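To start, the structure itself, in structure tokens.
The values are calculated or read from the model by the stated rules, or taken from the named source; none is laboratory data. All values reported here derive from a predicted model rather than from experimental measurement. Cβ placement follows ideal geometry from the backbone for every residue including glycine, while neighbour counts extend to all protein chains displayed. These area figures cover heavy atoms from the full protein model, side chains too; ligands, DNA and RNA do not enter into them. Shrake-Rupley method; radii C 1.70, N 1.55, O 1.52, S 1.80 Å.
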Amino acid sequence: MPPAHTGAPVTSGASILSSPSAPPAAAPSPVNVPAEPGRPGYRRMSLALFAAGLATFALLYSTQALLPAVSAGFGVTAGQASWTVSAATGALALFVLPLSALSERFGRTRMMTWSMVVAVGVGLLVPFAPNLEWLVALRAVQGAAIAGIPASAMAYLAEEVRPKALVGAIGLFVAGNSIGGMSGRIVTGWAAQLWGWRAGLLSVGLMALVCAVAFLVLLPRARFFRPASLKPRAVGRTVAGHLRDPLLLRLYGIGALFMTVFGAVYTVIGYRLVDEPFSLGQGVVGSVFLVYLVGTVSSAAAGKLVARAGRRGALYLAVTTTALGLLLSLSDALAAILLGLVLITAGFFAGHAVASAAVSRTAKTGRAQASALYQSAYYLGSSAGGTLGALAYHASGWAATVGIALLAVVGVASITLYGSHAARAERRLALPAATAR
């Protein structure tokens, strides 16, 4: 990655002495200065990646709010229908690393563009799947295509945005995720209630098409990208280096466990709300996902939260908020369940924004691979959470699903606590060395 900015050529001391009236060095050109709020191009960049994030989550989880209708339509169980979500997230987890390697060679913007085009194209075919097997297969292809977007977007922002503005920029991308997840579920829910679940899926495909056009029109060209080698050994060394980094490993674990919670809760909540004693309609269940707006706010505010409480402090707050939400959701009162979903969503999106931004800042080289490993762990957590949550609900009800989610929350807290202990130990070791110097 090139320097954060370039200035005027360095002038020798002799020439300065012989030319006392020489004009001052020119200020850095805006073209060579990383983006930040207030600079040209930052707004377009933010809007473009917001649109990409919106389309990504809307497509990736397009069947999640419709699982009860899919179960009824194909005559399958909750666990079987959940594969329409898990296949997409699992394929994303498998393909995100190789596609991120391609982005290191061919460019972030090119990778995101082709991924968006393919994902939207498949999204327009998904509603016409003749059976569950075809639906799962198409969703897997769609997930593989979407894999080119998240890691490339994180790497693009890490290269194009000033470090101090990075958490906020990534927070806006994650906010697009939350808006996409919310709007996609609301649109599919009401369209399914009026015209059937296939119409719901088609509506999401059309919405993603609009987002893709906005992304292609708005996205500024990359100014600081430099192609890297595609040699397998070089990629392998980069990946191995990331996997040897203790901090990155902790961040990957945090992302996977947070997403296990989110996948379990939102894969199953539709089944709970359409069952007794609530018996809500598909459109009303889809509207429940308005709580994603809380995730939009919490992810966009993650930068300020880290500035005040530090990264680990922000993660502790996210863990506490998520755990309280899970406990509240055990109530049989609909208002308590909705409040629980609000807290779960706020905690999850804040934790995800903090962890993903920390990955981009920690990795000094191979940022796309570092982000890809995070995304791989993250979406494997989603697949595991969705499948395990649905199986637990089918076997023992909502309390069993919450139990799995709480175990994952305990895992996040344990990793964060270990990180705090490791940081204190490093400071104690560094103090004698600094004193000796």
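A few notes on this one:
- Per residue, the range 173-219 exposes 36 Å² of accessible surface when a 1.4 Å probe is rolled over the protein heavy atoms with every protein chain present.
- With every protein chain in place, the range 165-301: carbon and sulfur % of accessible area (1.4 Å): 71
- Relative contact order for the chain: 24 percent, from Cα pairs under 8 Å spaced at least 6 residues apart, divided by residue count.
- Listed residue (62, 286, 334) projecting farthest to the positive dipole end of the chain, Cβ model: 62
- Checking (i) 1.03; (ii) 0.95; (iii) 1.00 against the coordinates, the calculated Rg/Rh (Cα atoms, Kirkwood Rh) falls under label (i).
- For residue 161, the residues whose modelled amide H falls within less than 5 Å of its own, excluding neighbours fewer than 5 places apart on the same chain, are 35.
- The heavy atoms of residue 362 present about 30 square angstrom of accessible area, all protein chains included, probe 1.4 Å.
- Kyte-Doolittle mean at least 0.0 and Cα axial length at least 30 Å: DSSP H helices in the chain: 83-106, 163-195, 197-218, 246-274, 334-362, 367-396, 398-436
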